[in-house]
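Worksheet: one structure, shown below.
The values are calculated or read from the model by the stated rules, or taken from the named source; none is laboratory data. What you see is a predicted model, and the numbers here were worked out from it, not measured in a lab. Positions of Cβ are backbone-derived with ideal geometry, glycine not excepted, and every protein chain shown enters the neighbour counts. Side chains are part of the model used for accessible areas, which takes the heavy atoms of the whole protein and leaves out ligands, DNA and RNA. Shrake-Rupley method; radii C 1.70, N 1.55, O 1.52, S 1.80 Å.
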Amino acid sequence: MGRFSDPQDPLFQALNSSISFDYRLAPYDIEQSLAHARMLERSRIISADDLATIERGLAEVRAEVDDDRFRVERGDEDVHMAIERRLTEIVGPVGGKLHTARSRNDQVATDVAMLVRAHSLTAKELLLDLMRTLADLAERHLDWPLPGYTHMQRAQPVYLSHHLLAYFWKFRRDLQRFNFCLTATDDLPLGAGALAGVNFDTSRMFVAQELGFSGIAENSLDAVSNRDFVLDYLAAAATCATHLSQLGGELVLWSTEEFGFCEVEDAFASGSSLMPQKKNPDAAELLRAKAPRVVAKLVHVHGALHGLPLTYNKDLQEDKEPLFDAIDTVELGLRVATGMLGGIRFDRERMAAAAGDELIAATDVADALVRRGVPFREAHGIVGTLVRTAVDRGKRLSELSDDEVRELVPQLDGSFHELLDPAAWLESKVSEGGTALARVREQLAQARQLLA
Ligand code: ARG
């Protein structure tokens with residue numbers, strides 16, 4: 001057509017065509033086109049009759065898309081051309097007026113910004129569901145002790161509520177990151193034209209208001225080359241997927257015979273085709289495994305944008321598949337995490353038995369010495385010796401006799417065995433943000449307030 005005398009090579013078409021994936025933008029593209037057409041009419045660039053015709057045609061295209069009746073044709077390079085082609089088939093040459101004062105360059109940036117905005121809102125909703133589930137679980141397991149770990153070694157006991165709420169705050173930060181994506185998509189690219197602006201006195205603010213943007217991109221060159229909002233979404237999604245992965249990894253571990261802290265519902269597990277006794281926590285494993293995939297999408301788009309001179313370059317088409325894949329992965333992951341946690345069962349006895357390991361009282365014994373005036377570093381060494389002696393003599397800490405304790409740690413003067421009462425280790429963590437029950441209750445109240 002036009003400037004070209006030869007048809008495109010099919011191999012080039014295969015490389016160049018984006019319709020197989022950007023068809024997903026169709027609802028945004030149509031909504032955008034309706035707003036654009038209304039603006040053209042208000043600005044007296046097209047007539048009221050033209051507008052009515054275009055609106056009727058776009059409504060028909062929209063219906064075809066909604067009911068899966070829309071037929072993509074061989075020559076449709078991308079969703080924008082497919083929709084315009086179909087509009088023109090329905091309403092005739094007037095359809096060709098829709099592209100007045102618009103380029104696919106500002107059009108595609110606008111569609112993608114609209115999509116990122118919509119999915120940031122979805123992510124926020126899904127995160128709120130997950131956070132609510134975590135808060136409910138915390139409330140139901142308020143005073144269930146389990147060991148807290150560092151280096152995967154039992155460190156200090158904590159309440160399960162405290163442990164679950166740790167994830168609440170991680171997901172809360174994810175929510176804030178997705179919230180930022182709403183700011184990042186708030187300036188309308190449309191109206192920038194191909195790159196330099198358009199030859200008509202359009203009203204971009206009108207279109208912005210129609211489409212729910214609060215302002216317009218101030219610079220046309222920036223508008224058509226900006227994909228920061230894609231990076232922002234992908235960065236938020238990557239961190240969120242990493243949190244889901246950490247949660248999944250922990251549930252995998254806790255589901256083992258060795259830990260036995262929890263069991264996921266059958267609905268989120270699978271059996272083995274060979275070993276009849278097995279129940280595998282596949283959902284948790286896949287949450288664990290998906291994170292690098294989302295991180296890779298972020299890296300992919302950073303790579304595509306790297307070193308790009310202004311303004312639109314076809315490289316920008318490469319933003320979509322990674323974005324769509326990250327959206328699907330993170331939204332499914334959030335739904336699965338909420339579903340799985342909704343039906344999880346924890347084993348109070350197994351957790352309590354592990355949390356009752358006396359060795360994890362060591363910090364409390366050291367702090368008791370500190371209260372008696374021993375500098376912390378010294379107390380650390382003394383208790384270390386105490387632990388080693390007990391281990392060497394094949395005893396639990398509580399099995400050391402008063403004489404043995406007095407010989408090793410004269411400062412402890414008889415209070416030693418009281419310190420080994422498991423309940424004391426948890427309730428001693430009274431500092432703000434600590435695991436003492438009163439503090440967890442405060443934290444839960446904060447969480448509830450946030451959700452309200
Ligand atoms: N399919 C293209 C994309 O996704 C639309 C913009 C095409 N613009 C152009 N000048 N070829 O980026």
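A residue that is over 38 Å from the mean Cα position of the chain (by Cα) and within 28 Å of Asp319 (Cα to Cα) can be found somewhere in region 10-25.
Pairs meeting the criteria (first residue in region 97-123 and of a type in the set (A, V, I, L, M, F, W, C), second residue away from the ligand (no atom under 11 Å from the Cβ) and not in a helix (DSSP H, G or I), beta carbons under 6 Å, at least 6 apart or on different chains) are Ala101/Val198; Ala101/Phe200; Ala101/Thr202; Ala109/Pro189; Ala113/Thr185; Val116/Thr185.
Within the group Val336, Val330, which residue is under 19 Å from Gly249 (Cβ atoms) and either touching a Cys at 6+ places or on another chain (Cβ under 8 Å) or within 15 Å of the ligand (Cβ to nearest atom) (or both)? Don't jump to the end; show me each part of the working.
Details: Val336 fails: either touching a Cys at 6+ places or on another chain (Cβ under 8 Å) or within 15 Å of the ligand (Cβ to nearest atom) (or both).
Every option except Val330 fails the conditions.
Being surrounded by 18 or more Cβ atoms within 10 Å (Cβ to Cβ) and on the phi > 0 side of the Ramachandran plot is a description that does not apply to Ala138.
When Phe416 is tested against the conditions (1) under 19 Å from Gln156 (Cβ atoms); (2) modelled with pLDDT under 85; (3) surrounded by fewer than 16 Cβ atoms within 10 Å (Cβ to Cβ), the lone failure is (3).
Taking the options Ala390, Ala424, name whichever one is modelled with pLDDT under 85 and in a helix (DSSP H, G or I). First the steps, then the outcome.
Values: Ala390 fails: modelled with pLDDT under 85.
Going through Ala390, Ala424 in turn, just one is modelled with pLDDT under 85 and in a helix (DSSP H, G or I): Ala424.
In region 36-47, the residues that are over 20 Å from Leu188 (Cα atoms) reach residues that are in a helix (DSSP H, G or I) and open to solvent by 50 Å² or more (accessible area, probe 1.4 Å) with C-beta atoms within less than 8 angstrom, at least six apart or across chains, in these pairs: Ile46/Lys97; Ser47/Glu41. Does Asp347 satisfy the criteria of being within 16 Å of the ligand (Cβ to nearest atom), open to solvent by 20 Å² or more (accessible area, probe 1.4 Å) and modelled with pLDDT of 95 or more? Against the criterion (within 16 Å of the ligand (Cβ to nearest atom), open to solvent by 20 Å² or more (accessible area, probe 1.4 Å) and modelled with pLDDT of 95 or more), Asp347 does not qualify. Look at region 393-417: where a residue is under 22 Å from Glu378 (Cβ atoms) and a partner is at pLDDT 85 or above and open to solvent by 60 Å² or more (accessible area, probe 1.4 Å), sitting 6+ places away or on another chain with Cβ atoms under 6 Å, you get Gln411/Arg372.
Can you confirm whether region 302-311 contains a residue that is surrounded by fewer than 16 Cβ atoms within 10 Å (Cβ to Cβ), more than 16 Å from the ligand (Cβ to nearest atom), at pLDDT 95 or above and not in a helix (DSSP H, G or I)? Yes: one or more hits.
The rows are residues; the columns are (1) in contact with a Gly (Cβ under 8 Å, 6 or more places away or on another chain); (2) not in a helix (DSSP H, G or I).
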{"position": "Ser273", "(1), (2)": "no, yes"}
{"position": "Ala284", "(1), (2)": "yes, no"}
{"position": "Arg288", "(1), (2)": "yes, no"}
{"position": "His300", "(1), (2)": "no, no"}
{"position": "Gln317", "(1), (2)": "no, no"}
{"position": "Met351", "(1), (2)": "no, no"}
{"position": "Ala354", "(1), (2)": "no, no"}
{"position": "Thr363", "(1), (2)": "no, no"}
{"position": "Ala368", "(1), (2)": "no, no"}
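Each residue in region 419-452 was checked for being touching a strand residue (DSSP E or B) at 6+ places or on another chain (Cβ under 8 Å) and farther than 18 Å from Val158 by Cβ, and 0 of them qualify.
Please specify each residue of region 208-217 satisfying the condition of being open to solvent by less than 30 Å² (accessible area, probe 1.4 Å) and either under 8 Å from Leu188 (Cα atoms) or polar (S, T, N, Q) (or both).
Here is the first cut: in region 208-217, the ones open to solvent by less than 30 Å² (accessible area, probe 1.4 Å) are 208, 211, 213, 215, 217.
Of everything in region 208-217, those that are open to solvent by less than 30 Å² (accessible area, probe 1.4 Å) and either under 8 Å from Leu188 (Cα atoms) or polar (S, T, N, Q) (or both) turn out to be Ala208, Phe213, Gly215, Ala217.
Say whether the condition of being within 14 Å of the ligand (Cβ to nearest atom) and more than 22 Å from Ser103 (Cβ to Cβ) is met by at least one residue in region 44-60.
We begin by selecting, within region 44-60, every residue within 14 Å of the ligand (Cβ to nearest atom); these are none.
Looking for residues that are within 14 Å of the ligand (Cβ to nearest atom) and more than 22 Å from Ser103 (Cβ to Cβ), one finds none in region 44-60, hence no.
For region 387-405, check the following and say yes or no: at least one residue is in contact with a Ser or Thr (Cβ under 7 Å, 6 or more places away or on another chain) and surrounded by 13 or more Cβ atoms within 10 Å (Cβ to Cβ). There is no residue in region 387-405 that is in contact with a Ser or Thr (Cβ under 7 Å, 6 or more places away or on another chain) and surrounded by 13 or more Cβ atoms within 10 Å (Cβ to Cβ). On the stretch given as region 61-88, residues that are within 16 Å of the ligand (Cβ to nearest atom), surrounded by fewer than 18 Cβ atoms within 10 Å (Cβ to Cβ) and under 34 Å from the mean Cα position of the chain (by Cα) total 3.
Scan region 97-116 for residues that are more than 16 Å from the ligand (Cβ to nearest atom) and either of a type in the set (S, T, N, Q) or out of contact with any helix residue (DSSP H, G or I) (no Cβ under 6 Å at 6 or more places or on another chain) (or both) and report the count. Show your work before the answer.
Step one: of region 97-116, the residues more than 16 Å from the ligand (Cβ to nearest atom) are 97, 100.
Now drop any that are not either of a type in the set (S, T, N, Q) or out of contact with any helix residue (DSSP H, G or I) (no Cβ under 6 Å at 6 or more places or on another chain) (or both), which leaves 100.
The qualifying residues number 1.
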